[in-house]
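The values are calculated or read from the model by the stated rules, or taken from the named source; none is laboratory data. Because the structure is a prediction, the values reported are computed rather than measured. Every residue, glycine as well, gets a Cβ built from its backbone with ideal geometry; the counts of neighbours run over all protein chains shown. To get the accessible areas, we keep the full protein, side chains included, count just its heavy atoms, and leave off ligands, DNA and RNA. Shrake-Rupley method; radii C 1.70, N 1.55, O 1.52, S 1.80 Å.
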Amino acid sequence: MIYSRIAGTGGYLPDKVVTNADLEKTVDTTDQWIQDRTGIRERHIAAEDQTTCDLAEQAARKAMESANVTSEDIDLVIIATTTPDRVFPSTACLLQQRLDIHGCAAFDVQAVCTGFVYALGIADKFIKSGTHKCALVVGAETLSRIVDWKDRTTCVLFGDGAGAAVVRAADEPGIMSTHLHADGKYENLLTVPAGVSQGYDQILQQSAFIEMKGNEVFKMAVNTLGRIVDETLEANQLQKSDIDWLIPHQANTRIIGATARKLKMPMDHVVVTVAEHGNTSAASIPLALDVAIRDGRIKRGEILMLEGFGGGFTWGSVLLKY
Ligand code: ACO
């Protein structure tokens, strides 16, 4: 049996920081409101000439360094992103070229905030099938480009960043299970209602922004993430107490807290980085994972549950032994 295992991780946040106090100057909000409702203190915003691929490259190079692999070792490149550099080529192809990787499969995955979980699930299946040995899996976003900075109900929530993992074939798990779901009937609760074949003009006029029914998204996220915890534990015949670390999508500390309670997981075993970067969509889980691996909290052999929820709706989990 072939398994896949995380060999190294990397993360990158752009230099420019926008604090809650900065937003107080541009929209009718307060630091107190943002912190109480979301736990977010600041977010990082890409420079004008910085693209999703630029952020992805920084995170990918760090992940490759920590996994001790070179461009020649990588035989699969997957980027989860909702904010690609171009309509085509895919951001994965652009990244492949930057990293001097040639010939292997490279493609983008669009599952919004669940994107990294989807991408990891896909990489795991490629590796388990025996066809691929070393995947570069990235979540990268420049969400600031699709945020209406005049809309206080959304602009306080999001930020830019990238996180990456190198996933290699191994004799033992590694990734124990992945659970991926979607239900398109919720398409209008969280959306950017423009695109190539549905209102490209809006994009050209810079008016295609995130629209969200925050309350409904909140309730769905809490309920759905609770269910995915049960599904994951049952599939692996594990108890809640078997999980060492929860690495949730970083959208909101209240959503994270509710999932942690469901798992009966003490908060000091939940990785929370949302205060420092806000909701970075597909980048948020790999960013959080990288922080907790690099600061030594997560150790080899521990059991991690990664779980995400996002537009679509999409949702999913990855259970793995680090
Ligand atoms: N500053 C001050 N007041 C604000 C702000 C703001 N930035 N935004 C909204 N308000 C006001 C509203 O206008 C409303 O005022 P009113 O009572 O006079 O009408 C009041 O605050 C309460 O608004 P609610 O929307 O009910 O506030 P709620 O407690 O639901 O918090 C929030 C809003 C933070 C968006 C919450 O619903 C949420 O986190 N939802 C999940 C959204 C999310 O995370 N989306 C990301 C993508 S999906 C995902 O990643 C999981």
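Using C-alpha pairs below 8 Å separated by at least 6 residues, the relative contact order for region 177-321 is 35 percent.
What's the local net charge at L263, with K and R +1, D and E -1, over the other residues with C-beta under 10 Å away? In short, +2. Couplings for region 80-94, taken from phi via the Karplus curve 6.51 cos²θ - 1.76 cosθ + 1.60 with θ = phi - 60°, read 8, 7, 9, 10, x, 4, 9, 5, 7, x, 4, 5, 5, 5, 5 Hz in order; Gly and Pro are left as x.
Within region 177-321, DSSP assigns beta bridges of which about 75% are antiparallel (rounded to the nearest 5). Between the residues G139, L13, V167, the greatest Cα displacement towards the positive end of the dipole of region 3-171, with unit charges on the Cβ of Lys, Arg, Asp and Glu, is found for V167.
GNM remark for the chain: springs join alpha carbons under 10 Å apart, and the peak mean-square fluctuation among D73, D295, D148 falls on D295. Heavy-atom surface analysis with a 1.4 Å probe gives region 71-112 a carbon and sulfur content of 51 percent of its accessible area. Antiparallel beta bridges, as assigned by DSSP with both residues in the chain, represent about 70 percent of the total such bridges. Can you give the Kirkwood hydrodynamic radius of the chain from its Cα pairs, in Å with one decimal? Averaging 1/r across every pair of different Cα atoms and inverting gives 19.4 Å. GNM, the chain, Cα, under 10 Å: largest mean-square fluctuation among Q250, Q96, Q202? Among Q250, Q96, Q202, the largest GNM mean-square fluctuation belongs to Q202. Summed over the residues of the chain and divided among them, the accessible surface reaches 43 Å² per residue at a probe radius of 1.4 Å. Normalised by the number of residues in the chain, the mean separation of alpha-carbon contacts (under 8 Å, six or more apart) gives a relative contact order of 26 percent.
Centroid-to-centroid, using Cα positions, region 4-66 and region 118-135 are 27 Å apart. Dividing the summed helix terms, -39500 (n - 2.57) for each DSSP H run of n ≥ 4, by the number of residues in the chain produces a 222 nm estimate of -9500 deg cm²/dmol to the nearest 500.
With θ taken as phi - 60° and the Karplus curve 6.51 cos²θ - 1.76 cosθ + 1.60 applied, the whole-hertz 3J(HN,Hα) list for region 232-241 is 5, 5, 5, 4, 9, 6, 10, 9, 3, 5 Hz, x standing for glycine and proline.
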